Amino acid sequence: PRLLEEVGNMFGARGMSELGAMNRAIERVRPPAGGGRRGGLPEEIAAITLDEVTAYWATHYKPANARLLVAGRFDVSAVRTRIEAAFAEIPRGTAPTRNTPSAPAMEAVIAGTGPGAISLAVPAPLPADPGYAAFLVLASRLAKTPPGGAQRNVSYAPLDRPEVLLVNGTVKTGESPVDAIDRLRAEVQTTVGNAILPGEPDSAAAAFGFFLGLEPAPAQALAANPYGIAFGSGRRAQLGIDGPSLRAALRSVTQADLRRAAEAFAAERSAGAFVASP
C-alpha cells in the first residue's frame, strides 16, 4: 500500500500537481528503457509477490552492481582492510539486463482541467557528450531571473537526474494548458537563443561546481555533509565526469558551441505536461 501511494503521488495524486507534471513530462521525453513507467503501474505493483522481490534482491543487490564510497578523516589502509574483510566473500551477483531504449513520445500530456502545474522536459546530454559543457552554460542561464521577468522554476540535477532538464510553471487565468506549455517553450527558445555573455561559463562553473567536482570540496562541506561528498564522488565515477577536464571545456565554450547545445531545447525535442490542482 505504501508503494502504491508513493507511485500515485509521483504522477499527481493527492494534489501533487507539480510533481505529477514533472514526472509525466519526463516519461515522454526520456521513457524507461524497454517501455513501462518509472515507479511501476499500480496493477503490476499490486500483483508482485514476496518471492519475486526476494529473488530479485538475491540476484542483483550484490557487489557487481554497487559502489562503496567512504568520506571523512580516516586511515585508508585500515579502512580498506575492514571493507575487504566484511565484503570480499559476498558473491558478486548478476548485472541487470540492459533493455533497448524506448522511443520518446513528445506530445503534451493533459491530466484534468482548471488551474494546475505545467512542466516542460528537455533532453540533456550526458557528460560524455562533446556539447555537455555548453549545455551547462545554457542550463545556468535558464535558471537565472531574466531582466524585468518573473523568476523561472528550473530544475536540473546533474548527478541525481542528469538526463533531463525541467522548466516548471503554472497555467495563467484564461489560458489553456496547451497554450501554457507553448508559452513556456517560447520563453525557453528565446533564452537559449541569445548570444553568449562574458562570464557565463564561470557562472555555470559556480552553479554546478560543487556537484561536478570542478573545485575540491571545502573542508566545512565535508564536515557538514560527508554523505553528500561520498555520493557526489560515486556518481561522478559512474557518469565519467572529470572535474579538471570539464572546467577546461567550460572555459573554451564558444558561441558556435552554444548554438549546437541549444538544439536540445528545440520545441520538437521537448515534452510538456499539465496536471490540474484538486
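The values are calculated or read from the model by the stated rules, or taken from the named source; none is laboratory data. Everything quoted here is computed from the prediction, not taken from an experiment. No Cβ is skipped: glycine too gets one built from the backbone with ideal geometry, and neighbour counts run over all protein chains shown. Heads up: the accessible areas ignore ligands, DNA and RNA and are worked out on the full protein's heavy atoms, side chains in. Shrake-Rupley method; radii C 1.70, N 1.55, O 1.52, S 1.80 Å.
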(request) Select, from ARG80, ARG92, ARG98, ARG73, the only residue that is closer than 30 Å to ALA121 by Cα, out of contact with any Gly (no Cβ under 8 Å at 6 or more places or on another chain) and open to solvent by 70 Å² or more (accessible area, probe 1.4 Å). (result) ARG98
(request) Output the number of residues of region 7-26 satisfying the condition of being open to solvent by 30 Å² or more (accessible area, probe 1.4 Å), at pLDDT 90 or above and over 18 Å from THR170 (Cβ atoms). (result) 1
(message) Please determine whether any residue of region 101-120 is modelled with pLDDT of 85 or more, closer than 22 Å to ASN194 by Cβ and either open to solvent by 10 Å² or more (accessible area, probe 1.4 Å) or out of contact with any Gly (no Cβ under 7 Å at 6 or more places or on another chain) (or both).
(response) no
(request) Could you tell me which numbered condition GLY148 fails, if it satisfies all but one of (1) modelled with pLDDT of 90 or more; (2) over 24 Å from ASN23 (Cα atoms); (3) over 22 Å from the mean Cα position of the chain (by Cα)? (result) (1)
(request) Sort through GLU215, GLU187 and tell me the only one that's acidic (Asp, Glu), closer than 20 Å to LEU138 by Cβ and under 22 Å from the mean Cα position of the chain (by Cα). (result) GLU187
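For every residue, the table says whether it meets (1) among the polar types (S, T, N, Q); (2) under 30 Å from GLY272 (Cα atoms); (3) touching a residue at least 24 places away in the same chain (Cβ under 8 Å).
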| residue | (1), (2), (3) |
| --- | --- |
| GLY35 | no, yes, yes |
| ILE48 | no, no, no |
| ASP51 | no, no, no |
| TRP57 | no, no, no |
| ASN65 | yes, no, yes |
| PRO91 | no, no, yes |
| PRO104 | no, yes, yes |
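To keep it simple, each residue is scored yes or no on (1) of a type in the set (Phe, Trp, Tyr); (2) assigned to a helix (DSSP H, G or I); (3) open to solvent by less than 50 Å² (accessible area, probe 1.4 Å); (4) free of Cβ contacts under 8 Å to residues at least 60 places away in the same chain.
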position	(1), (2), (3), (4)
LEU159	no, no, yes, no
ARG183	no, yes, no, yes
GLY209	no, yes, yes, yes
ALA237	no, yes, no, no
SER245	no, yes, no, yes
